[in-house]
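S.K.: Before we start, here is the structure in question, set down as structure tokens.
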Amino acid sequence: MSTNHRPVTPTLDRVTVPADMRALSDRELKSLADELRAETISAVSVTGGHLGAGLGVVELTVALHAVFEAPRDKIIWDVGHQCYPHKILTGRRERIRTLRMEGGLSGFTKRSESEFDPFGAAHSSTSISAALGFAAARDLGGDPGDAVAVIGDGSMSAGMAFEAMNNAGHLKKRMFIILNDNEMSIAPPVGALSAYLSKLYAGTPLHELKEVAKGAVKFLPEPFQEGAKRARDMLKGMAVGGTLFESLGISYIGPIDGHDLDQLLPVLRAAKSRATGPVLIHVLTKKGKGYAPAERARDKGHATGKFDVITGEQVKAPSNAPSYTSVFAKSLIREAESDGKIVAITAAMPDGTGLNLFAERFPARLFDVGIAEQHAVTFAAGLAAGGLKPFCALYSTFLQRGYDQIVHDVAIQRLPVRFAIDRAGLVGADGATHAGSFDIAFLANLPDMVVMAAADEAELVHMVATAAAIDDRPSAFRFPRGEGVGVDMPERGIPLEIGKGRIIREGSRVALLSFGTRLAEVKKAAESLAARGLSPTVADARFAKPLDRELILQLARHHEALITIEEGAVGGFGSHVAQLLAEEGAFDHGLKFRSMVLPDIFIDQASPEAMYRVAGMEAAQIEAKVLATLGVESLGKRA
């Protein structure tokens, strides 16, 4: 007697687009979630990226796509770190191992990548505003369907989220806010609770769901009842569930276990079928859920390089040079050891900015304000006005969010806030949304602002000391992501003379004036040109504001051509140099001036080297620029 066994097709293999999920039973959706988690882990082990956030929303992703009808319904992921499982379920599984690579999938949602990404979100706290926009557009004859914002509790710390909720409550548009809370997670409920919620959520009017969730708490084991109560009543110290959200005109449901599809599915189905206005569903999740190495990690596997799936051990390329971020942090600690007025501010990025090291040494002098860059800047201004020496450490791309505060609260009042600008220039795998392209231009235009850029890690040490010494006006110093160039490091920073650059090598005919870490490529270009018989002068500007007038005019007088090089958009250092040269009449004497800046495009993710190649800022391209400026088609062979 023989028995025929048909091979069982994995559930994930049966899902190409979310519509395929509507043929699956709830039991099959649970299998799908397990397979989706494994696929996410496998993919990120190959590419690196944001792992923990995605693992925390696997069940939520499955539930949302099973209940809502994307792309007709608009699901907006905020901040986007958690979108990898969403990408796998929306026709991109075959490309998922190209995440964050050149020519591959973005690490965030991206409108140009898929119709299932209705709104790009790589900076946090924008989803509720965007979802409300979709809802309002729908009601005025625009795209049909529901709007769903999935926002983390960290993103809720930004004022923009509350501005949007206030407006949503006022407009009373039907929309859904999924509050993904992974800070107050309780253990998954068992047995009676799941059964009770499944039965009651499925048949309960929407306005009663809140009371059902409250009553269901008693089914939790005793130790978790208090945790559930705290999770319901508090979100980062602010009351919810009948007070804050409902006072804004938003119906509140929760908290519910975000890893239990027996709760998620009936709640979402009930909300979708009965909602008439804005609804917030409070979902408790665990970052890194289902992958032990991520769950054990201090950051729950937030951002990781390529890793071994079995051990979780990351594969990292060896480096002899320290990272710019660690150099900044250690330099700031040294300054703070001898100056008790130095304090540091970060906006939810203590690890990313290196200020976790500062916090270990001076816990009372580190302020993490959450994802609230506007507040961070004005808070720093208040600290400065109160007599302290604040260092506000933000990524360049996030500093953009506090620009009005830089102008109004810092610059106009001439308060000595020190901006430590990390991730300046092109950053690699995070792509255009995280590139630090604009800070030179938007800071150097402000009166009395000191703007510096470190050419290497040793210069960064000196610039930290310089900023600490500036006590009569605001200042900023920028540095890139990644490792330094391996120069000898000073024991302690020495304050630089404000507005003074330095000559690196003397030459003739053409002067290359670098601002920032392109100096290493400039020196390579100069060496190559020298080997061919043309020896340029190389200078490091150090300051974009104030400019070193004496140095710049000297270079203009004694060279046929002057070329500036910077890791920033047009309108920055080179533009200020051109303005100076024009006002001083340097062009009247035939000076050839060129400015190498980032091109007028958003450069997609790739390695930093590849991105700078696209930008035209590698040594060979600098060399070509020199030859073209001088009108020299070719030089002799290398000596």
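S.K.: Looking at (1) buried (at least 17 other Cβ atoms within 10 Å of the Cβ); (2) part of a helix (DSSP H, G or I), which is the one condition that is false for ALA455?
M.R.: (2)
S.K.: Checking ALA149 against (1) under 30 Å from ALA606 (Cα atoms); (2) aliphatic (A, V, I, L, M); (3) modelled with pLDDT under 95, only one condition comes out false. Which one?
M.R.: Only one criterion is unmet by ALA149, namely (3).
S.K.: Would you mind listing the helices (runs of 4 or more DSSP H) fully within region 530-639 where at least 2 residues are over 30 Å from ALA467 (Cα atoms)?
M.R.: Qualifying helices (runs of 4 or more DSSP H): 549-558, 608-615, 619-630.
S.K.: Tell me the helices (runs of 4 or more DSSP H) entirely within region 247-352 that contain at least 1 residues that are at positive phi.
M.R.: Ranges flagged: none.
S.K.: Checking the condition in contact with a helix residue (DSSP H, G or I) (Cβ under 8 Å, 6 or more places away or on another chain), at pLDDT 95 or above and farther than 20 Å from GLN263 by Cα, which residue from ASP78, ASP26, ASP20, ASP73 passes?
M.R.: ASP20
S.K.: Condition first: closer than 21 Å to GLU457 by Cα, surrounded by fewer than 19 Cβ atoms within 10 Å (Cβ to Cβ) and without any contact (Cβ under 8 Å) to a residue 60 or more places away in the chain. Now tell me which residues in region 282-329 satisfy that.
M.R.: Filtering region 282-329 for residues closer than 21 Å to GLU457 by Cα gives 316-329.
Among the residues that remain, those that are also surrounded by fewer than 19 Cβ atoms within 10 Å (Cβ to Cβ) are: 316-323, 326.
Listed by number, the residues that qualify are LYS316, ALA317, PRO318, SER326.
S.K.: Another question, then. Please tell me if ILE151 is surrounded by 24 or more Cβ atoms within 10 Å (Cβ to Cβ) and either of a type in the set (D, E, K, R) or outside any loop (DSSP other than H, G, I, E, B) (or both).
M.R.: When the stated conditions are applied, ILE151 passes them.
S.K.: Pick from region 40-99 the residues that are assigned to a strand (DSSP E or B) and charged (D, E, K, R): which of them is nearest to ILE371 (Cα to Cα)?
M.R.: ASP78
S.K.: Please verify whether region 431-438 includes one or more residues that are outside any strand (DSSP E or B) and in contact with a helix residue (DSSP H, G or I) (Cβ under 6 Å, 6 or more places away or on another chain).
M.R.: yes
S.K.: Using the structure shown, decide if PRO495 is under 20 Å from ALA539 (Cα atoms) and surrounded by fewer than 19 Cβ atoms within 10 Å (Cβ to Cβ).
M.R.: On the way: under 20 Å from ALA539 (Cα atoms): yes; surrounded by fewer than 19 Cβ atoms within 10 Å (Cβ to Cβ): yes.
Yes.
S.K.: Right, something else. Just one of THR61, THR47 is free of Cβ contacts under 8 Å to residues at least 40 places away in the same chain and crowded, with 18+ Cβ neighbours inside 10 Å; which is it?
M.R.: Going through THR61, THR47 in turn, just one is free of Cβ contacts under 8 Å to residues at least 40 places away in the same chain and crowded, with 18+ Cβ neighbours inside 10 Å: THR61.
S.K.: Let me ask something else about it. Take the conditions hydrophobic (A, V, I, L, M, F, W, C), assigned to a loop (DSSP other than H, G, I, E, B) and in contact with a Ser or Thr (Cβ under 8 Å, 6 or more places away or on another chain) and apply them to VAL485. Does it pass?
M.R.: yes
S.K.: Just one of (1) over 37 Å from the mean Cα position of the chain (by Cα); (2) buried (at least 20 other Cβ atoms within 10 Å of the Cβ) trips up GLY568, so point out which.
M.R.: Checking GLY568 against (1) over 37 Å from the mean Cα position of the chain (by Cα); (2) buried (at least 20 other Cβ atoms within 10 Å of the Cβ), the one that fails is (1).
S.K.: Does PRO144 satisfy the criteria of being without any contact (Cβ under 8 Å) to a residue 60 or more places away in the chain and touching a Lys or Arg at 6+ places or on another chain (Cβ under 7 Å)? Reasoning before the result, please.
M.R.: Numbers: without any contact (Cβ under 8 Å) to a residue 60 or more places away in the chain: no; touching a Lys or Arg at 6+ places or on another chain (Cβ under 7 Å): yes.
It is false that PRO144 is without any contact (Cβ under 8 Å) to a residue 60 or more places away in the chain and touching a Lys or Arg at 6+ places or on another chain (Cβ under 7 Å).
The values are calculated or read from the model by the stated rules, or taken from the named source; none is laboratory data. For clarity, every value in this text was computed on a predicted model and none was experimentally measured. Positions of Cβ are backbone-derived with ideal geometry, glycine not excepted, and every protein chain shown enters the neighbour counts.
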